[in-house]
Amino acid sequence: MIQVRDVSKTFKLSRQQKREMGSHFRGETVEAVAGVSFDCQPGRVFGLLGPNGAGKTTTLRMIATTLRPTSGAISVAGHDVTREPEAVRATLGFLTGSTQLYDRLSVNELVRYYADLHGVPSGLYRQRREQIFAALEMESYADRRIAKLSTGMRQKVSIARTMIHDPDVLVLDEATAGLDVIASRTIIQLIRQARDRGKTVLFSTHRMGEVELLCDDLALMHQGRLLFNGTYAEFSASMQSPTLEDEFIRRIEAVGA
Amino acid sequence: MKVIATVFRKEMLDTLRDRRAIIFMIVVPMLLFPMLFQVMISVSKRNAAKVQAKELRVVVIDQGNASRFVEMLRERGDVDVVTSVPRDSIAGLIQSDSLDGAFLFSSSFDDDVAEMKPGRVDFYFKSADETGIVRDRLQETLDRYEKEILDERFSRLELDQSIVEPVRVESHNVASMEERVGTRVGGLLPYMFILFCFLGSMYPAIDLGAGEKERGTLETLLTAPVNRFHILLGKFGVVVVSGLLSAAMSIAGLFVSFKRSPDLPPEFMNLIVRVLGWDTILLLMSLLVPLTIFFAGVLLSVSLTARSFKEAQSLISPLNIALILPAAMGLMPGVQLTLGNAWIPVMNVSLATKEIIAGTISPTELSVVYVSLIVLAVASLWGSAWWFGRESTIFRS
């Protein structure tokens, strides 16, 4: 369960950053997220959609406690992100494009490292490792160094790293970005399995096909604000364009870039 | 504690698998001194041998005087005495290395000497540096010649030679060998220790801070349910161990180069071993540990601020210069540890090390050095923890 209540995030700009924003920029701060609220329920996949720069990653980072909200409140599995950040991280599996892996470690070493950081006991670790490595077909390169892996292999290792402590809440930011259809499908299946086991899944993507395949609930984000928040069924019922992608573009253009 | 150990183990493994880190931390400090020694010894040996063996071409213009001196020069066997060179071309010929030296005796030389007056001789040579090996070789004959004249005068006057020695000084230096070594070699050792502690910790500090940020692995690490301070402590441990390892390697390298150079007398080697006993090394290490923690704090803070490995390198380079100056204070003669300068970081370690080796350190000053270092180490640890906790440090873009 993730509860996001009226959350905003403002970044104060340094003098250099202001200069880098160009001559048209006025002001001291940038508001990346403005008064956003939504709930992600256990046993459901929540899709967070939006164009680049909409504030998705900032929102996800606040949920993962790496950024603090400027105002508002977020709770993950009943723990407040500002008051109990470690408890939040213990129940969370977080993956974004900026969570990379150590090139000089082997796949086994890396997954073991994160299991140790999460305090997973040895016996349980071996059992979960078996399951995850089998599901993602990772066994053949388990002792290979990360530096020698392809993009698809790396992403699978990232997923394994995210799930090794069996988190109740999964936050996956563009988990299938850069992957071929086969690798993507494996990950989609894994997300479905997690949902079926009662996990809360927050999923952000640019691939509309995946939204149709996976999402039970949906939020559309643009310029730091939510344009839509509801179930997938409600969204499709209110569609004025023939496809999801067209509807997505229509709603964003209606607000103005 | 378990988390710190987990982070430490992983960071150490990661660092040891990095070839660049190994070169910086182990190979360079270990090989630098043996190589430097080897080059220095072989170059100076080759030059000295060349100059020593060379036959010297020397002009003597005696105008019928000082025949004994010419005889003495010829007796040497390594001097080619030339007499037929015009007087005004002498300086030019020596300048252009066609001649090695010249002696010009005044026309009244023999008469002056006979009258017990000083006889004038002009000695020409070329010695741009201070070593003046050619000059020394010729001066030796001149001295012997002068001694002969002096002996002859004493006997003619029936005087005892001791009258020109009104005071006979017998020197007794009570400074122990340790003290003498302490002030000479003692200045160099802390300089090396401090420099390599810094250089050795520099690379892992950059890699574990800016390097992780640049590669995007830091955010992954921060999603783990562990206290950021514990992560930082794990990283600190690796940086400190690397610095100390580097310093230890440089000392090992120095020992090896001492052992391998055949010209060093065995007594000197024994002395070095005696001066650098285990108790001294432990005492020195106890100073280096807090100093390296201080370095690690500063380096990690700078490294975490930087956006990339490259930026971190350019931010850290000026620190090298800021470090060399106080570290080099130990090399300066006459600068001693006082209650005042014992508070100045780096400089205090440099001076205290020198005194520890010499065995002249006072407990009061040593305690001040410890207090100063521990305060700094704690402050740098605390400062970097605060810095690491800031959002704008981690996500600076």
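Every read-out reported here was derived from the displayed coordinates using simple, explicitly stated rules and does not represent laboratory data. Fair warning: this is a prediction, and the values are worked out from it, not measured in the lab. Glycine gets a Cβ as well: all are built from the backbone with ideal geometry, and neighbour counts include every protein chain shown.
Could you tell me which of rounded, prolate or oblate describes segment B:291-394, using a ≥ b ≥ c as the square roots of the eigenvalues of the alpha-carbon gyration tensor, with rounded for a/c under 1.5 and, failing that, prolate when a/b is larger than b/c and oblate otherwise?
It is oblate, given that a/c is not under 1.5 and a/b is not larger than b/c.
So which aspartates and glutamates pass the test for B:Lys45, namely a Cα distance under 13 Å, with those fewer than 8 places away in the same chain ruled out?
Excluding near neighbours in sequence, the set is B:Asp263.
Fewest to most neighbouring Cβ within 10 Å: what's the order for A:Asp196, B:Asp122?
A:Asp196, B:Asp122
Taking R0 as 51 Å, what FRET efficiency do you get between B:Val335 and B:Ala114 from their Cβ-Cβ distance, rounded to the nearest 0.05? Each step should come with its number before you reach the end.
Numbers: r = 55 Å, r/R0 = 1.08.
Calculated value: 0.40.
Report for the protein assembly as shown the percent antiparallel among DSSP-assigned beta bridges with both residues inside it, nearest 5. The partial results should precede the final answer.
Values: 27 of 52 bridges.
Of those bridges, close to 50 percent are antiparallel.
Give the longest segment of chain A that steers clear of GluC sites (Glu not before Pro) in DSSP loops with at most 14 neighbouring Cβ atoms within 10 Å, not counting the sites themselves.
Free of exposed loop sites, the longest segment is A:138-257.
Using a Förster radius of 45 Å, what is the FRET efficiency between A:Phe228 and B:Trp382 based on their Cβ-Cβ separation? Nearest 0.05, please.
E between A:Phe228 and B:Trp382, to the nearest 0.05, is 0.45.
If I model a spin label as a point 7 Å beyond the Cα along the Cα-Cβ vector, how far apart are those points for B:Ser392 and B:Arg9 in nm?
Rounded to a tenth, the inter-label distance reads 3.8 nm.
Mind putting a number on the dipole of chain A about its Cα centre? Charges go on the C-beta only, +1 for Lys and Arg and -1 for Asp and Glu, and I need it in Debye to the nearest 20. Write down the numbers at each step before the final one.
Details: 33 positive and 30 negative charges, 168 e Å.
Its charge dipole is roughly 800 debye.
How far apart, in nm, are the 7 Å Cα→Cβ label points at B:Ala48 and B:Arg20?
Those two pseudo-labels are separated by 4.2 nm.
Which is farthest toward the positive dipole end of the protein assembly as shown among B:Leu254, B:Ala66, A:Ala219, measuring Cα position about the Cα centre, with Cβ charges +1 (Lys, Arg) and -1 (Asp, Glu)?
Toward the positive end, the furthest listed residue is A:Ala219.
Trypsin sites (Lys or Arg not before Pro), restricted to segment B:152-253: which are DSSP loop and have at most 10 other Cβ atoms within 10 Å?
B:Arg168
Taking only DSSP H segments of four or more residues, each worth -39500 (n - 2.57), what value at 222 nm results for the protein assembly as shown once the sum is divided by all its residues, to the nearest 500 deg cm²/dmol?
Rounded to the nearest 500, it is -18000 deg cm²/dmol.
Restricting things to Cα coordinates, could you compute the convex hull volume per residue of segment B:90-149 in Å³? Let's see the in-between values first.
Details: hull volume 5.2 nm³, N = 60.
So the per-residue Cα hull volume is 87 Å³.
Might you report the magnitude of the Cβ-based charge dipole of chain B about its Cα centre, with Lys and Arg at +1 and Asp and Glu at -1, to the nearest 20 debye?
Approximately 2600 debye in magnitude.
If the cut-off is 23 Å between C-alpha atoms, which lysines fall inside it for B:Lys2, apart from same-chain ones fewer than 8 positions away?
Within the straight-line cut-off, B:Lys2 pairs with B:Lys10, B:Lys235.
Could you check the simple spin-label distance between B:Leu150 and B:Val256, using points 7 Å along Cα→Cβ, in nm with one decimal?
5.0 nm
Please report the spacing between the Cα centers of segment B:336-397 and segment B:93-137 in Å, no decimals.
57 Å
Based on alpha-carbon centroids, what's the gap between segment A:57-103 and segment B:8-46 in Å, whole number please?
Using only Cα atoms to place each centre, the spacing works out to 43 Å.
Taking each residue in B:2-15, count the Cβ atoms of any other chain within 10 Å of its Cβ, then average. What number comes out?
On the way: counts 3, 3, 0, 1, 7, 3, 0, 2, 9, 1, 0, 5, 6, 1.
Across the residues of B:2-15, the mean count of other-chain Cβ atoms within 10 Å is 3.
Would you mind counting up the charge near A:Thr66? Only other residues with Cβ under 13 Å from its Cβ, with Lys and Arg at +1 and Asp and Glu at -1.
+3
Quantify how strongly other chains surround peptide A:112-121 by giving the mean number of their Cβ atoms within 10 Å of each of its Cβ atoms.
That average works out to 5.
Once whole DSSP H runs in chain B are found, which of them have Cα atoms spread over 30 Å or more along the helix axis and a mean Kyte-Doolittle score of at least 1.0? Working shown, then result.
On the way: long enough: B:28-53 (37 Å, 0.84); B:133-157 (36 Å, -1.04); B:177-206 (42 Å, 0.87); B:228-260 (48 Å, 1.29); B:278-305 (39 Å, 1.94); B:363-389 (39 Å, 1.30).
Correct list, ordered by number: B:228-260, B:278-305, B:363-389.
What average number of partner chain Cβ atoms lie no more than 10 Å from the Cβ of the residues making up A:82-91?
2
Given R₀ = 35 Å, FRET efficiency for A:Phe25-A:Ala177 by Cβ-Cβ distance, to 0.05?
It comes to 0.75.
If exposed means no more than 16 neighbouring beta carbons inside 10 Å and the site is in a DSSP loop, what's the longest run of chain B without any exposed GluC sites (Glu not before Pro)? Write down the numbers at each step before the final one.
Working: sites that count: B:Glu55, B:Glu115, B:Glu130, B:Glu158, B:Glu170.
Answer from the scan: B:171-397.
Using 0.36 nm per residue, how much length does the chain from B:Asn173 to B:Asp80 gain when fully extended, once their Cα-Cα distance is taken away?
29.1 nm
With only alpha-carbon pairs counted, each pair once and no self-pairs, how large is the Kirkwood hydrodynamic radius of the protein assembly as shown in angstroms?
That comes to 31.4 Å for the protein assembly as shown.
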